[in-house]
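Asks: If you scroll down you'll find the structure; I have some questions about it.
Please treat every number below as a calculation from the coordinates, not as lab data. Since we're looking at a predicted model, the values are computed, not measured. Note: ideal-geometry Cβ built from the backbone for every residue, glycine included; neighbour counts use all protein chains shown.
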Amino acid sequence: MVCPSCGKRAGRRPCPALGREICAVCCGTKRLVEIRCVPTCGYLASARTHPPAVERRQHERDLQALAPALRDLSEPQTQLLFLLFTFLADHRTDDFVRTTDVDVAEAAASLAATLETAERGLIYEHRPGTLPAQRLAGDLKAFLADLPKSGWRPNERDVAIVLRRIEAGAREELRSRGGGDSAYLGVVRRAARSFEASQPEHPGTPSAGGPRLVVP
């Protein structure tokens with residue numbers, strides 16, 4: 001049976017999340033990134049207990065990439081950062097428009113600039129220059145606008161600070177990592193999956209004072 005994830009290699013590992021057998025390569029590289037693994041998966045439990053060297057190196061690189069974004073953030077700001085990570089990790093446009101790190105940087109920059117302009121008493125909506133970034137900015141704005149419905153209203157200044165951190169992280173990945181045009185999104189997805197697994201409550205439903213943060 002051919003692996004349904006890559007369509008190339010033979011599927012030999014039963015995947016509870018997909019309900020089919022996948023290849024070892026897809027199991028190891030797409031675990032918790034593209035595949036929403038279930039906690040009962042034996043391969044997931046084994047990887048967490050005895051992570052291979054390649055996963056340890058990936059984890060170390062991710063921590064290095066995230067460190068500047070987390071530096072000197074308050075707890076509400078850190079919580080918001082990881083909530084935005086979960087949004088970016090799940091964000092999809094359509095089959096013809098693929099979101100890249102450039103789109104993430106441009107969307108975050110435009111929303112941050114709009115908030116910073118409003119803080120100076122001016123109402124002006126900054127817009128990204130590309131269609132994918134515009135769509136992402138619109139979806140991100142809607143996500144932020146919906147947060148008060150769950151009982152949590154983040155400070156707009158905090159939102160701008162966090163968006164600037166996301167912008168800086170995406171641009172730094174583009175400059176230095178050489179991991180393709182979505183390397184930062186890969187870091188974000190892995191961080192978001194770890195964050196979701198660490199939370200006592202679903203991160204999308206914060207309490208009135210903001211959810212309690214458990215940073216992975």
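Asks: Let's test the formula: R0 of 35 Å, r as the Cβ-Cβ distance of R56 and D90. What FRET efficiency results, to the nearest 0.05?
Replies: 0.85
Asks: While we're on this one: Using the basic label-point model (7 angstrom from Cα toward the beta carbon), what is the T29 to C6 distance in nanometres?
Replies: Going from the T29 label point to the C6 one covers 0.6 nm.
Asks: While we're here: Farthest toward the dipole's positive end in segment 57-198, which of G121, L81, G151, given Cβ charges of +1 (Lys, Arg) and -1 (Asp, Glu) about the Cα centre?
Replies: The listed residue farthest towards the positive side: L81.
Asks: With the contact rule set at Cα under 8 Å and sequence spacing of 6 or more, what percent relative contact order holds for segment 1-50?
Replies: 26
Asks: Starting from the amide H of I22, placed 1.01 Å from N in the peptide plane, find each other amide H under 5 Å away whose residue is 5 or more places distant or on another chain.
Replies: For I22, the qualifying residues are R12, R13, C15.
Asks: Ok, one more. On a full-extension model of 0.36 nm per residue, what is the gain between T117 and N155, subtracting their alpha-carbon distance, rounded to one decimal in nm?
Replies: 12.2 nm
Asks: What spacing in nm lies between the two simple spin-label points modelled at R175 and F143, each 7 Å away from Cα in the Cβ direction?
Replies: 2.4
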